[in-house]
1. Taking residue A:42 as the residue in question, decide whether it is modelled with pLDDT of 75 or more, surrounded by 13 or more Cβ atoms within 10 Å (Cβ to Cβ) and assigned to a helix (DSSP H, G or I).
2. Take residue B:82 and tell me if it is within 15 Å of the chain's Cα centre (by Cα) and either farther than 26 Å from residue A:189 by Cα or in a loop (DSSP other than H, G, I, E, B) (or both).
3. Scan the stretch B:104-141 residue by residue and report those that are in a helix (DSSP H, G or I), within 13 Å of another protein chain (Cβ to nearest Cβ) and in contact (Cβ under 8 Å) with a residue 24 or more places away in the chain.
4. Of all the residues that make up the stretch B:26-45, how many are over 22 Å from residue B:160 (Cβ atoms) and within 19 Å of the chain's Cα centre (by Cα)?
5. Kindly indicate the residue of the stretch B:70-97 that is closer than 30 Å to residue B:16 by Cβ and in contact with a strand residue (DSSP E or B) (Cβ under 7 Å, 6 or more places away or on another chain) and also surrounded by the fewest Cβ atoms within 10 Å (Cβ to Cβ) among those meeting that condition.
6. Looking at B:81, B:14 in this structure, which one is touching a residue at least 24 places away in the same chain (Cβ under 8 Å) and either in contact with a helix residue (DSSP H, G or I) (Cβ under 8 Å, 6 or more places away or on another chain) or within 13 Å of another protein chain (Cβ to nearest Cβ) (or both)?
7. Of the numbered conditions (1) under 23 Å from residue B:236 (Cα atoms); (2) in contact (Cβ under 8 Å) with a residue 12 or more places away in the chain; (3) touching a helix residue (DSSP H, G or I) at 6+ places or on another chain (Cβ under 9 Å); (4) more than 13 Å from every other protein chain (Cβ to nearest Cβ), residue B:191 satisfies every one except a single condition; which is it?
8. Considering each of A:229, A:233 in turn, give the residue that is away from chain B (no Cβ under 14 Å) and surrounded by fewer than 24 Cβ atoms within 10 Å (Cβ to Cβ).
């Protein structure tokens, strides 16, 4: 037998696990009997009524095919395609996320460069950071008076901390030798920042950005359940109210897939900035 | 007495000792370096060699005293003083070539991209690097190659003073030998003033015009200035056969082994200038004669 590469063996194992899992899921869910097969007694005791059971994977796959073949239809406020819902969620996440990045990265830079700023701001960061982003929701709704903007604010507030802390940490930890190289070559403050400190701290900064986007994607689902209207979080909750478990399971899977894609984007960025000493 | 190209005057460095007092690393150190001279400083750990180097580079400030180079006081780092650090200090996210071009571009901002590139490549070739390693990152280079890049970077900006802080300390003996040869070759063509720290006596004799010997700290001093009376061009194999080689070497070993301890401690002198030591066995009067400058 020829040796297979680790990747190949892992892929085969993954497929086996997926197949076995789906088979098990399908097998443990009892099928619904057709009305014609019921005994009279069963019919009298309401056995013919639809049981709100967990749907088997075959139904979920069918649903996925249905939804993904027409992801952008819009048939009114409560009936939009999965593509539109995910689009709204991604828009909110990116809007809040980029606002956070625009503030967190320059501010983190300053904090990292100045030990005084680091010490002065640290207590605020430590208190604000552990607050669940959803706890800000009532205050945001009251002050901003707009549910859409409030959702973006919640994303902003949850994604700012990892970026801020990692940027400050990365900048503060730049090797003194590299800063000395900049100094002995008479690089100005701006050129030192862009030519030496930014590339030196970039891996740490991008790690912070990657953590932030992950948190933002976790939080948007919960925020949209509260805010309502549109988005994948709202979709999940709406389908739960419709008792359409098939759609709920399908959208849970979609949340996972989109989250993975967002993370992979930052994985690529990380490979681009990483260096070894 | 004319003022030398680089003049170090009454340099002292003190640190708080953690108990409210002060530790004096060295005190009232004065010495000069002439233009085009290759000066090596030798001394035990803790005598403040690296501190002196950092002060010359402008990366640290002395507690007292001044450094005057070419008529101007040294304050802060400058492109006039190039530094090669022991740990190479290459920027790891840039290729070998880019590590040089960024320095050249900083030194000659008016140059075109092509000029910068050509100048950088020329210097990398001068230290014996071939074009196929130009685009490698420092992590993909051996220690010796990294230090070559670092030396190429320092020479490429033609500083008025080149500072070498134990440049070969992290290299194995064989690599050290070849890079010493490269350094001598590159240096010979430039008339570059060099100030170098080392722990290696043989390396010092091979490279230097003059060796400054430091006594042990605290209260370290630049005690002696030993002239290397061996003609250039030198070569590591032939140099040991020169009649002055072992005489000088013995003197240095004696100093580092014995006198550096005897001389340790504070002195009353307001200025400590090194004694000039001239050892020359090729002359008829072969006794070492010590002369104060």
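1. In short, no.
2. In short, no.
3. B:104, B:106, B:107, B:138, B:139
4. 5
5. B:73
6. None of the other options fit; the residue is B:81.
7. Condition (3) is where residue B:191 drops out.
8. Matching residue, one of A:229, A:233: A:229.
The values are calculated or read from the model by the stated rules, or taken from the named source; none is laboratory data. A quick note: this is a predicted structure, and the numbers were derived from the prediction, not measured. FYI the Cβ positions are ideal-geometry reconstructions off the backbone, even for glycines, and counts take in every protein chain you see.
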